[in-house]
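Handing you a structure now.
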Amino acid sequence: MALNLEPIKQRHQREAEWLAILDECANLESHPALQPTDKFAGKVRPIALAAIRSHAEAQLGQTGPGVLAGLLGRLSGVKAAVPSLSTVTHWLLGAAILAGILWASGRKVGPGPQPTPNVIPSDGLRVLVVYEKTEGAPLLTAKQQSELFGAELAGYLNANCTRENSQPAYRFLDKDSPMGNAPKWWQDQMTARGDVVPLLVVTNGKRSYRGPLPDGGILAKIKEVNEGK
Amino acid sequence: MRITDDMLGYGATGLIPRDYASFPQGCYASAPPAQIKLIPRTEWSERIKDMEATKSRLSDIRLRGNYGKAIPSLDQNSGRNDGKWGYCWAHSTTHAIMLVRAAANMPYVPLSAFAVAATIKNGRNEGGWGAQSLDFITERGVPDQRFWPQNNVNLANGTAECWANAALYKPVEAWADLASPQDVRDLTFDQMATLLLQRIPVVVDLYWWSHSVCAMDLVETSPGQFGIRILNSWSDSWGDQGTGVLAGSKAIPDGAVAPTVVVAA
């Protein structure tokens, strides 16, 4: 089976990490553990699951456990519908992995530093940081925390962000924050819950960025988007 | 400003020791504090200096969290009853909620600690402890003072509209039971310090003072020695704009809880 990964490569053409992942997945069908032999048929499920775990965790690990769960769920569902799994093992694996990649590519924030190509709508500068506070580990670095909560960044955002009822439009939110009481713009952007955190979203309606929160240079990134420098 | 003995009796307190027989460790819903990955003491001094230099402490955020001005300290002392309301344990938690919101840059809203304490105590002037108020606020929230004014214990304030508003200020995640009833108190201090270094306010019960306050910052009081800067509930006229620094054993909590995530606005 030849996986057609070109559309995804095009989509992530600037992101080296994604290209590497896709190359790995394209060659997955030749993995010795996945060859459909009669001897292999009886043991196919545990081996297939182990192989998927191994590859998915290694290659798609940054997308979180949802990807792995999605892969396993899809494979289990197809297996139930097609009892003679041995004859279609590699097709199913390829399809499941491809489905996972497609799913992940639509949800995952690209690791590259480039702003997202589609401008996030806004009536002025808005900044959202999504991070994790209660995971048991300080998931923001000390440098990120000092910059994020510091006076210099606050001064810039207070002076430049658009206002919502007099409040400058920037928020630093835990990824699990209930959003029902927040204005719609924040609700829309928090659909990023499945994305990698900490996440930075910056837009002024003309240029925007949605990607990992820099570990140093948060203000520079925001200025880059807002001022086009 | 270091808190001196003559500052301790300025206002009412109201902490009563938690009844661990009736409210044992783990009875309050939260993430287990054992999951807190401690920031090593060797890093504290440098982190504190960096936080001071960048003005990124919770106390700094408080000073600009009210549309560029300071968030006023709530006051448990004024009003009727000769200004002696033993509701510190609800003010400390309410302050913590307001600081969590400020750190997220949510709009400043003055919240009513009296709504929490008066409702729990059915209008009586009685003491309590921080986890007790956090437990209540987690379930019902804490309302805007427009719905339930401070220094008012009239339960008629507690309308459906009031508590619907209160639900907008609920915490949904918290660290609770940081303190064990008797032991591992050093660990408790380190847990608290770790949270403060991450800009998470901590509700601190102090038996020696019979008082509950909100810890905002970890402070290096002398080389290698650490204390906490607290936000008291005795108005901005107390201490340094309502704040002061506790050092040594006086900074070690007998009970501590920390709301971390609140409803977004």
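Can you give the FRET efficiency to the nearest 0.05 for B:S237 and A:T191, using r as the Cβ-Cβ distance and R₀ = 51 Å?
0.65
Within 10 Å, Cβ to Cβ, of A:A169, how many net charges do the neighbouring residues add up to if Lys/Arg are +1 and Asp/Glu are -1?
Value of the local net charge: +1.
Nearest 0.05, what FRET efficiency do B:K49 and B:L155 give at R0 = 30 Å with Cβ-Cβ as r?
0.05
What is region B:38-80 by shape, rounded, prolate or oblate, if you read a ≥ b ≥ c off the alpha carbon gyration tensor as root eigenvalues and call it rounded for a/c under 1.5, prolate for a/b larger than b/c, and oblate otherwise?
oblate
Between A:E152 and A:N118, what FRET efficiency follows from the Cβ-Cβ distance if R0 is 45 Å, with the result rounded to 0.05?
So the FRET efficiency works out to roughly 0.90.
Any idea how far apart B:R41 and B:R146 come out in nm if each label point goes 7 Å out from Cα toward Cβ?
Distance between the two pseudo-spin positions: 4.8 nm.
Further, regarding this structure: Quick one: Karplus J couplings for region B:138-151, per residue in order, coefficients 6.51, -1.76, 1.60, θ = phi - 60°, nearest Hz, x for Gly and Pro?
My calculation for region B:138-151 gives 5, 7, 10, x, 9, x, 4, 5, 5, 8, 9, x, 5, 6 Hz in order.
Under 5 Å between amide H atoms, partner at least 5 residues away or on a different chain: which partners does B:G86 have, H built in plane at 1.01 Å?
Here the answer is B:E126, since their amide H atoms fall under 5 Å of that of B:G86.
When the Debye formula is applied to the Cα atoms of region B:183-232, each taken as the same point scatterer, what base-10 log of I(q)/I(0) results at q = 0.23, 0.30 Å⁻¹?
Values, matching the q order: -0.91, -1.26.
Shifting gears a bit: Full extension from A:A220 to A:R163: what is 0.36 nm times the residue separation minus their Cα-Cα distance, to one decimal in nm?
18.4 nm
Between B:K84 and A:K184, how many nm apart are label points set 7 Å from Cα along the C-beta direction?
Going by the 7 Å Cα→Cβ label model, 5.5 nm.
Give me a comma-separated list of calculated 3J(HN,Hα) values for region B:85-97, in order, Karplus coefficients 6.51, -1.76, 1.60 applied at θ = phi - 60°, integers in Hz, x for any Gly or Pro.
Per residue, the Karplus-derived 3J(HN,Hα) values read 9, x, 10, 4, 5, 8, 5, 4, 6, 5, 4, 4, 4 Hz.
Is region B:195-265 best put as rounded, prolate or oblate by its Cα gyration tensor, with a ≥ b ≥ c the root eigenvalues, rounded for a/c under 1.5, and otherwise prolate when a/b is larger than b/c, oblate when not?
rounded
Past 28 Å, Cα to Cα, is the threshold; run B:K49/B:K84; A:K133/A:K229; A:K229/B:K37; A:K206/B:K69; A:K133/A:K221 against it and keep the listed order.
B:K49/B:K84; A:K133/A:K229; A:K229/B:K37; A:K206/B:K69
Would you pull out the residues with amide H under 5 Å of B:V262's amide H, same chain only if 5 or more places away, H placed 1.01 Å from N?
So B:V262 has HN proximity to B:V172.
So, one more: What is the Cα convex hull volume of region B:53-183 when expressed per residue in Å³?
132 Å³
Send over the Kirkwood Rh of chain B, from the inverse of the averaged 1/r over different Cα pairs, rounded to one decimal Å.
Result for chain B, one decimal place: 18.0 Å.
None of the figures in this text is laboratory data; all of them are computed from the coordinates on show. Treat the numbers as computed from the prediction; the structure is a model and nothing was measured. All Cβ positions, even for glycine, are placed from backbone atoms using ideal geometry, and neighbour counts span all protein chains on display.
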